[in-house]
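Enquirer: The following block contains the structure, expressed as structure tokens.
The values are calculated or read from the model by the stated rules, or taken from the named source; none is laboratory data. Source: prediction; values computed, not measured. Glycine also receives a Cβ, built like all others from the backbone with ideal geometry; neighbour counts cover every protein chain displayed. The area values use the complete protein model at the heavy-atom level, side chains included, leaving out ligands, DNA and RNA. Shrake-Rupley method; radii C 1.70, N 1.55, O 1.52, S 1.80 Å.
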Amino acid sequence: MSAYLVTGGAGFVGSALVHELVRRGEQVRVLDDFSTGRRANLADVALQIDLVEADVTDLAAVERAVRGVEIVLHQAALASVGRSVEDPLGTSRVNATGTLTVLEAARRAGVRRVVYAASSSSYGETVALPKVESMSPRPMSPYAAAKLAGELYASAYTHCYGLETVALRYFNVFGPRQDPASDYAAVIPRFVTAYLRGEPPTVFGDGRQSRDFCYIDNVVAANLLACAAPGASGSVFNVACGDAIDLLGVLDRLAEIFGRRIEPRMEPARPGDVRHSRASIDRAREVLGYEPRVRFEEGLRKTVEWYRARAASAHPTECARA
């Protein structure tokens, strides 16, 4: 049994990792300041984890959190391109300086490996597809730049101090517990909850921008593989499905699932958004042994089921009439 720290463990990806680690019988500690994470995401496992409520940039608090830990899964971040355009300094503080703080605390504590939640946004608007880890990054937003800075800090700590680090570039993760209420919510929870309310989903741009959507279970599996994979330290890996679908295609799939079509409300494109994104996952397959087990259509159905059940428990009468 290993001891794990999950930073941002009350968030979407972080809480999924916490639940899986608890299910496996591991010792789990969570660091979260609940600025974006939700206590409800940890309610089912609250008695089985240690919780450190603190800011990821607070070195003393992070040092307390990493004490006795073998592996850090660093998920804490402000995960929004839009937010970063509005508040670049705040995004950099959490995403870049916060990552540096975690790495320094891990180094001092003798942590064996840090697995870092990097971002596919670091690639930027590259013409060539699929996106391969060897491509030169071209970040188009402060969020992408800050996440790339975290990657570079991780690599530097491996080369300078021998701290094992693995960076996983997430591509458009979706699934249960993803917050649709935020102004910066990801597209799939926004689309699903709009359908559940019978309202037009909002599409920014022409809807032909494509994404390599990756169901949360695949991301959890990649993280746990990265914790132990030999030869992975100091490297970057794409975590995706290797496929792409445009936003209007996502709405087509939702129309099939719900049995009705709701025409979207079209809004102007947002600054910093990448037009097309699709990953090569060859390196993750070869080094990590990663293989996406849940494809997009199955993941979308699972996601709809979760949000539908959540809505039914909150408003049983309304859902009975829907």
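Enquirer: Would you be so kind as to identify which of 99, 65, 150 lies farthest towards the positive end of the dipole of region 54-154, taking Lys and Arg as +1 and Asp and Glu as -1 on Cβ and the Cα centre as origin?
Expert: So the residue we want is 65.
Enquirer: Go through 160-166, 4-10, 266-272, 48-54 and give me the packing order, highest mean Cβ count within 10 Å leading.
Expert: By packing density, highest mean first, the sequence is 4-10, 160-166, 48-54, 266-272.
Enquirer: By the gyration tensor of its Cα atoms, with a ≥ b ≥ c the square roots of the eigenvalues, what is the shape of region 19-108: rounded for a/c under 1.5, prolate for a/b over b/c, or oblate?
Expert: It is oblate, given that a/c is not under 1.5 and a/b is not larger than b/c.
Enquirer: Quick check: with the 1.4 Å probe, what order do 286, 133 take by accessible area, largest first?
Expert: Largest to smallest exposure gives the sequence 286, 133.
Enquirer: Using only the Cα atoms of the chain, build the gyration tensor, take square roots of its eigenvalues as a ≥ b ≥ c, and label the shape rounded, prolate or oblate: rounded if a/c is under 1.5, else prolate if a/b is larger than b/c, else oblate.
Expert: prolate
Enquirer: How many percent of the accessible area of the chain is carbon or sulfur, using a 1.4 Å probe?
Expert: Solvent-exposed carbon and sulfur of the chain make up 49 percent of the total.
Enquirer: For region 50-188, what is the largest minus smallest coordinate of the Cα atoms on each principal axis, given in angstrom and ordered from greatest to least?
Expert: 42, 36, 29
Enquirer: Rounded to the nearest 0.05, what FRET efficiency do residue 260 and residue 64 have when you use their Cβ-Cβ distance and R0 = 35 Å?
Expert: Plugging the Cβ-Cβ distance into 1/(1 + (r/R0)^6) gives 0.10.
Enquirer: While we're on this one: What percent of all Cα-Cα pairs in region 47-96 falls into each 10 Å bin, going from 0 up to the bin containing the maximum distance?
Expert: Taking every Cα pair in region 47-96, the percentages come to 21, 45, 25, 8.
Enquirer: Can you sort 74, 159, 276 by solvent-accessible area, 1.4 Å probe, largest first?
Expert: From most accessible down to least: 159, 276, 74.
Enquirer: Sort out for me the Cα centre separation of region 235-267 from region 12-44, rounded to whole Å.
Expert: Taking the Cα centre of region 12-44 as reference, the centre of region 235-267 is 27 Å away.
Enquirer: Sorting check: for 231-238, 36-43, which peptide has the highest mean count of neighbouring beta carbons within 10 Å, and how do the rest follow?
Expert: For the peptides 231-238, 36-43, the packing ranking is 231-238, 36-43.
Enquirer: Full extension from residue 182 to residue 34: what is 0.36 nm times the residue separation minus their Cα-Cα distance, to one decimal in nm?
Expert: Residue separation times 0.36 nm, minus the Cα-Cα distance, leaves 51.9 nm.
Enquirer: With every protein chain kept in the model, how would you rank 113, 295 by accessible area, 1.4 Å probe, largest at the top?
Expert: 295, 113
Enquirer: How much solvent-accessible surface does residue 217 expose, in Å² to the nearest 10, with a 1.4 Å probe and all protein chains in place?
Expert: 80 Å²
Enquirer: Would you please classify the overall shape of region 165-310 from the alpha carbon gyration tensor, given that a ≥ b ≥ c denote the square roots of the eigenvalues, rounded means a/c under 1.5, and beyond that prolate means a/b larger than b/c while oblate covers the rest?
Expert: Judged from the Cα gyration tensor, region 165-310 comes out prolate (a/c at least 1.5, a/b above b/c).
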